[in-house]
Amino acid sequence: MPASTQEKYQIRAFQLIARAKKESGQVQLTATQIAHWLIDKKDGYSKSTWRQYRASLVFGFTQYFQSSTGNVDDCSVAIVMLRQAAPPQGRPEHRKTSAQKQKKINDTDLIRLMDYFNGKPFRHALATQAWLLAGIWTGLRPCEWESAEINAANELLVTNAKATEGRAHGDTRIIDLNDLTDQEKQIIGLHLKHVQQAKLSPWHKGKSGFKQFYSRCRSRLYVTTRALWPRRKQHITLYSSRHQFSANAKFLGLSLEEIAALMGHASIETAMAHYGRRSAGNGSMRVKAHSDDVARVTELNQHRIDHGRGMGM
């Protein structure tokens, strides 16, 4: 097995074990308890994800019981359990909607979408255009715009959405906007202005002004994409812009640490496994990651690798 694959398995196994402990509320778990936990959750995974998770734990347990501190019997039983477990049946329910979301926005589709918006006096058309473009250029999750702001150094300050779940490299991240064109900066500024105005709107039916604004732009995009491409099974969403950002970063050859820093990920694997592919990218990305964020990602992933080698069960 290549060293790079072993390293990925080590990191993923450590992440799965940490998740099992968190969800069970226990500090220590045996290998068989962890195996039971994963098997119980398998119907929520696709078959490919299940294979990856199972292989990672099998590799981790194999490495662990070969060490002097490992419980050979416990790890051996866990490995057998995982290998004999049947794969998940069908597609998970939560994947049925996500599978309809397009993980890229190519230039042809983007131009057609913008032309359509410009030719129709739709409400929230301009706001939806600005949101899509700002997302492509910065990679923010749609929900992260609620608290985003630009400082005097022309840096975008972002509160990481996944920080409380342990999936972010820190509470915040900084994105350098200085190399963007004047037009790109203006559009991002316009989007932030729309967001600030929305936040001042009164709550309605339990939704804040921002959530109402988000819902309306998302609905506008939903209706528009289905009018333009009625035969497609996958459609552009506001989140598609984040996927395109990731694809552009990969296309330009940014390091895994830089991509994770820009996208707010704790793991350098996340963007590679779950976001837009390099083949869908282009050279339109001009933002830069902050050196402190890159350093934090590098340290965090080295820490995960070190812990993965010992497994820490």
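Only a single item in (1) at pLDDT below 95; (2) surrounded by 17 or more Cβ atoms within 10 Å (Cβ to Cβ) is not met by T138, and it is number (1).
Cβ-Cβ distances below 9 Å connect the following pairs, each with a first residue in the range 222-233 that is in the same structural domain as Y116 (by TED's automatic domain parsing), a second residue that is part of a helix (DSSP H, G or I) and of a type in the set (A, V, I, L, M, F, W, C), and a separation of six or more residues or different chains: T224/L113; T224/F117; T224/A125; T225/L113; L228/L113.
When each of A273, A266 is tested for being under 14 Å from the mean Cα position of the chain (by Cα) and at pLDDT below 90, the lone residue that passes is A273.
Please verify whether the range 179-189 includes one or more residues that are among the charged types (D, E, K, R), outside any helix (DSSP H, G or I) and either more than 20 Å from P121 (Cα to Cα) or modelled with pLDDT of 95 or more (or both). Yes, the range 179-189 contains at least one residue that is among the charged types (D, E, K, R), outside any helix (DSSP H, G or I) and either more than 20 Å from P121 (Cα to Cα) or modelled with pLDDT of 95 or more (or both). Cβ separations smaller than 8 Å between residues 6+ apart or across chains give the following pairs from the range 278-292 residues that are among the polar types (S, T, N, Q) to residues that are surrounded by fewer than 18 Cβ atoms within 10 Å (Cβ to Cβ) and in a helix (DSSP H, G or I): N282/D107.
The values are calculated or read from the model by the stated rules, or taken from the named source; none is laboratory data. From a predicted model like this one, the values you see are computed outputs, not experimental measurements. For neighbour counting, all protein chains shown are included, and Cβ atoms are generated from backbone atoms with ideal geometry for every residue, glycine included.
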